[in-house]
Amino acid sequence: MTLSQSTTINVRVDESVKRNVEILFDSMGMNISTAVNVFFKQCLLEEALPFQPRAKRSSSLIEAIREAQEQAIKNETSNMTLSEINEIIAEVRQDKRGKQ
């Protein structure tokens with residue numbers, strides 16, 4: 001049986017993030033090094049990140065989406081199909097061209 005060689009990786013991370021992940025990983029019975037190794041091995045198995053990276057939506061975007069949803073419900077347009085929406089857009093564009 002041969003032992004695999006290990007190497008050291010230095011990573012800079014916010015101190016509060018480090019403290020919080022130490023607590024989290026400790027509750028799972030592992031340390032940061034073990035968690036990083038699990039992450040790397042899962043990346044290799046999937047040949048990709050083992051999760052879908054996403055940008056966090058800003059509160060103003062979330063509020064705009066909620067407002068648009070409320071307006072659609074109020075105007076009774078919340079169940080419109082994409083075809084119906086495109087028809088309305090085409091009509092508005094046609095009206096604009098006729099007024100120019």
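With a 1.4 Å probe and all protein chains left in place, how much accessible area per residue does the chain have, in Å²?
Value returned for the chain: 99 Å² of accessible area per residue.
Let me make sure I get this right: for the range 37-90, a, b and c are the square roots of the gyration tensor eigenvalues over alpha carbons, sorted descending. Under 1.5 in a/c it's rounded, otherwise prolate if a/b > b/c, else oblate. Which is it? Each step should come with its number before you reach the end.
Values: a/c = 4.69, a/b = 2.42, b/c = 1.94.
Judged from the Cα gyration tensor, the range 37-90 comes out prolate (a/c at least 1.5, a/b above b/c).
For the chain, what does the alpha-carbon gyration tensor say about shape, rounded, prolate or oblate, given a ≥ b ≥ c as the root eigenvalues, a/c under 1.5 as rounded, and a/b over b/c as prolate? Let's see the in-between values first.
Numbers: a/c = 3.86, a/b = 2.83, b/c = 1.36.
Since a/c reaches 1.5 and a/b is larger than b/c, the shape of the chain is classed as prolate.
Find, among the chymotrypsin sites (Phe, Trp or Tyr not before Pro) in the range 1-77, those assigned to loop by DSSP (not H, G, I, E, B) with at most 16 other beta-carbon atoms within 10 angstrom.
Details: sites: PHE25, PHE39, PHE40, PHE51; in loops: PHE51.
Loop-located and lightly packed - PHE51.
If you put +1 on each Lys and Arg Cβ and -1 on each Asp and Glu Cβ, how big is the dipole of the chain around its Cα centre, in Debye rounded to 20? Could you put the intermediate results ahead of the total?
Numbers: 13 positive and 14 negative charges, 66 e Å.
I would put it at about 320 debye.
Which percent of the accessible area of the chain is formed by carbon and sulfur heavy atoms (probe 1.4 angstrom)?
On the way: 5200 of 9890 Å².
Roughly 53 percent of what the probe reaches on the chain is carbon or sulfur.
In the range 21-77, which trypsin sites (Lys or Arg not before Pro) fall in coil by DSSP and have 11 or fewer other Cβ atoms within 10 Å?
Numbers: sites: LYS41, ARG54, LYS56, ARG57, ARG66, LYS74; in loops: ARG54, LYS56, ARG57.
Answer by residue number: ARG54, LYS56, ARG57.
How about the range 4-60: which GluC sites (Glu not before Pro) there lie in a loop by DSSP and see at most 12 other Cβ atoms within 10 Å? Please list the in-between numbers first.
Details: sites: GLU15, GLU22, GLU46, GLU47; in loops: GLU47.
Counting only loop positions with at most 12 other Cβ atoms within 10 Å, the GluC sites (Glu not before Pro) in the range 4-60 are GLU47.
The values are calculated or read from the model by the stated rules, or taken from the named source; none is laboratory data. Treat the numbers as computed from the prediction; the structure is a model and nothing was measured. Cβ coordinates were reconstructed from backbone atoms using ideal geometry, including for glycine residues, and neighbour counts include every protein chain displayed. SASA here: full protein model, heavy atoms, side chains in, ligands and nucleic acids out. Shrake-Rupley method; radii C 1.70, N 1.55, O 1.52, S 1.80 Å.
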